[in-house]
Amino acid sequence: MFDVLSSLNDQQKNAVLHEEGPAIVLAGAGSGKTRVLVSRVVHLMQEKQIPADHILLVTFTNKAGGEMTRRVQEMSGMLLPFSGTYHRLCSRILRKDGFHLGLPFDYVIFDDEDQLDVMKNILKRLNLSPKEYSPRMILGMISKAKTEMISAKEYSRLARGKFQEVASKSFDLYEKALRENSAVDFDDLLNRTVDLFMQFPEVLDRYQQQFEYVLVDEYQDVNRAQYLLTTMLGKPQNNLFCVGDFSQSIYGWRGADFRNMLLMKDEYSTLKEYRLEQNYRSSQPIVEAARSVIAHNTSHPVLDLWTDKESVHKIALYEADSETDEAEYVIRTASVFAKGSDYSSIAILYRTNAQSRVFEDMCMRYGIPYRLVGGLRFYARKEIKDVLAYLRLVVREDEVALRRIEKLGKRNMQVFRQWLAENKKRLESGRPSEILDEVLENSKYLDKYDDKVEDELSRIENVKELRSVASHFETMTAFLENIALVEDNTLADVQSEEQASRALTMMSMHAAKGLEFDTVFLVGLEEGLFPHSRALLDRDELEEERRLCYVGITRARERLYLCYARKRLIYGTISGSIVSRFVAEVPEHLIERQGLRMSSHSRFPVASKSLPTKHVSVDDPFLEAFLSDEIDVDTFLGA
């Protein structure tokens, strides 16, 4: 029999040995929450003699579910049959019992593209322009309503204004289309299961009797439907064991609400709380920095994270002259810590995917293999390839480019080609950045995206980043040739599996959750970039940005680099930058400054929650005086 307690610290043991009733485990970053969950399951099976099929373990990703199932089997020799995501569990329940709701066994699950096709057809039936009413935006509104468990009928009563009224009509037709196709979407998997349990208590009772113990990972990320499912399945025993960390709640835009963790105290008067505060991943300076940053949040409890891992490495802070200087510094420094030609223990983390482009270009320049997690290479992204197809037609007629543009709409293509024919001679002598502006204006390409939708905002930012690339070239031919050569080198690199396994990792901080690396570079730490400009005037969003920073910091095991630029080429225009307030929240004694023009004794001001921002051009004398340490930050912001 495996001794599940031998490798646990006292905090972990107490949690694993929890007896009956509800429990919440507040598990800080790197504190061994997976070990606790797995050990708890094995303890229940070995010591409590609970049958494996009477235990439900819910995770938020299939990868995490698979990893926990594997570790349980290795430790106990038993397979855990009910382990996986909420969506997987609900799909399984609906396959068996969905007929009570009129849902056939062989129902279809619509993915994102299926949903988009349906919504495009609905807007066409309503004689509405997809340019004026973005299909993705409408789907986003419907998904948000479903996440809050609002039906189409309820939404129609709540709708205010023309856009919401259109969304309401579309919502009703969308639900009808799902029924006609015996289909559900991902939100429905959760909501229909909740409906099933509410309308047919005998079905719920059967599952309640089966699942004597319910364990949930990443509980800070549950939405309303998932919270209800957890509480319903946990009764009547209420043997709930929920593990989470308020400080790692970073998916509010997906409907996740850390406040559901707070509701547990109201729901269960006998709730037992355990805290895992010893970090086993990161060195002491990194843990202290993370703790100091997240301590500025006030809307949720913050754990007192600590570690006994000493380190000689302070946190490096690099002030770059520009985004190119930042990228070159990062890539050169990464080369120092690569083990031979193995960069697999090094990661570059950024706030927006558009930031990857300059780092990709720098990797190409130095011949360093890299991989993008959670995203395509910059020049392989759909929106970039679409815009490049338009630009290629400016140079010459290209059958491949024509076919790509035709797929975006024949009518639009005809209008664009007519405009191009009338302006071709003039455009031939224009600068690439200017031509790109005109192409975007006359193709109406960006009209298809809505900046209020997270995914579509990212696409808009990518297209604008392409303008930054274009601003470096005098002719369109040189611009397009450079991109082709960069892509050729990229394709050559990714053909090698060995290189891929030794590659430097680039990803957004959202994608980095759950991962760890020896060396981490947090880049673009500037007000308006990180924290994102959309969060600057909203306390809740700003606190989520700070939680995202906490997640980014705690990905590092040994070395952490914080980087920002004095000025940055954003969408083809050079703008001065103000260092992120998150840098100001890292204690001075933890920092080793590199590349800074500031005097060594100067300190960043401690940022208030309503720190103002000022957008200036690079020749602003106040900016130069501030960056040269001639005036303090208060004088600068008040200027």
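The values are calculated or read from the model by the stated rules, or taken from the named source; none is laboratory data. The model shown is predicted, which means the values in this text are computed figures rather than measured ones. Cβ atoms come from the backbone with ideal geometry, glycine included; neighbour counts cover every protein chain shown. Protein only, heavy atoms only, side chains kept; ligands, DNA and RNA dropped before computing areas. Shrake-Rupley method; radii C 1.70, N 1.55, O 1.52, S 1.80 Å.
Elements of the type strands (runs of 3 or more DSSP E) sitting completely within segment 1-91 and holding at least 2 residues that are under 29 Å from the mean Cα position of the chain (by Cα), under 29 Å from S269 (Cβ atoms) and among the small types (G, A, S): these cover 23-27.
For the residues L173, L190, the requirement of being in contact with a Cys (Cβ under 7 Å, 6 or more places away or on another chain), assigned to a helix (DSSP H, G or I) and at pLDDT 90 or above singles out L190. Under the condition of being in a loop (DSSP other than H, G, I, E, B) and more than 31 Å from the chain's Cα centre (by Cα), the residues counted in segment 413-470 number 3. Does segment 155-169 contain at least one residue that is over 25 Å from R95 (Cβ atoms) and in contact with a Gly (Cβ under 8 Å, 6 or more places away or on another chain)? Scanning segment 155-169 turns up no residue that is over 25 Å from R95 (Cβ atoms) and in contact with a Gly (Cβ under 8 Å, 6 or more places away or on another chain). Out of all the residues in segment 53-68, which are under 20 Å from K513 (Cβ atoms) and crowded, with 19+ Cβ neighbours inside 10 Å? Scanning segment 53-68 gives L57, V58, T59, F60, A64, G65, M68.
For segment 138-150, the candidate set comprises residues that are surrounded by fewer than 19 Cβ atoms within 10 Å (Cβ to Cβ) and in contact (Cβ under 8 Å) with a residue 12 or more places away in the chain; within that set, the residue that is nearest to D111 (Cα to Cα) is S143. Across segment 97-117, not a single residue is classified as open to solvent by less than 60 Å² (accessible area, probe 1.4 Å), free of Cβ contacts under 8 Å to residues at least 40 places away in the same chain and closer than 30 Å to S282 by Cα.
If I filter segment 149-161 for residues that are in contact with an Asp or Glu (Cβ under 9 Å, 6 or more places away or on another chain), part of a loop (DSSP other than H, G, I, E, B) and farther than 30 Å from K452 by Cα, do I get at least one hit? No, every residue in segment 149-161 fails to be in contact with an Asp or Glu (Cβ under 9 Å, 6 or more places away or on another chain), part of a loop (DSSP other than H, G, I, E, B) and farther than 30 Å from K452 by Cα. The helices (runs of 4 or more DSSP H) found wholly in segment 476-590 and carrying at least 3 residues that are modelled with pLDDT of 90 or more and open to solvent by 10 Å² or more (accessible area, probe 1.4 Å) occupy 539-553. Considering only residues that are of a type in the set (S, T, N, Q) and either under 16 Å from S508 (Cα atoms) or loosely packed, with under 14 Cβ neighbours inside 10 Å (or both), which ones fall in segment 321-344? S341, the sole residue that qualifies.
Being farther than 21 Å from L190 by Cβ, modelled with pLDDT under 90 and buried (at least 18 other Cβ atoms within 10 Å of the Cβ) is the requirement here; does S129 meet it? Answer is no for this residue. Those residues that are without any contact (Cβ under 8 Å) to a residue 60 or more places away in the chain and in contact with a helix residue (DSSP H, G or I) (Cβ under 6 Å, 6 or more places away or on another chain), I need them from segment 1-51; list them, please. Of everything in segment 1-51, those that are without any contact (Cβ under 8 Å) to a residue 60 or more places away in the chain and in contact with a helix residue (DSSP H, G or I) (Cβ under 6 Å, 6 or more places away or on another chain) turn out to be M1, L5, V16, V38, S39, V42, H43, M45.
Within segment 27-40, the set of residues being in contact with a strand residue (DSSP E or B) (Cβ under 6 Å, 6 or more places away or on another chain) and either polar (S, T, N, Q) or closer than 13 Å to M78 by Cβ (or both) comprises S31 only.
When H296 is tested against the conditions (1) open to solvent by 40 Å² or more (accessible area, probe 1.4 Å); (2) more than 30 Å from D455 (Cβ to Cβ), the lone failure is (2).
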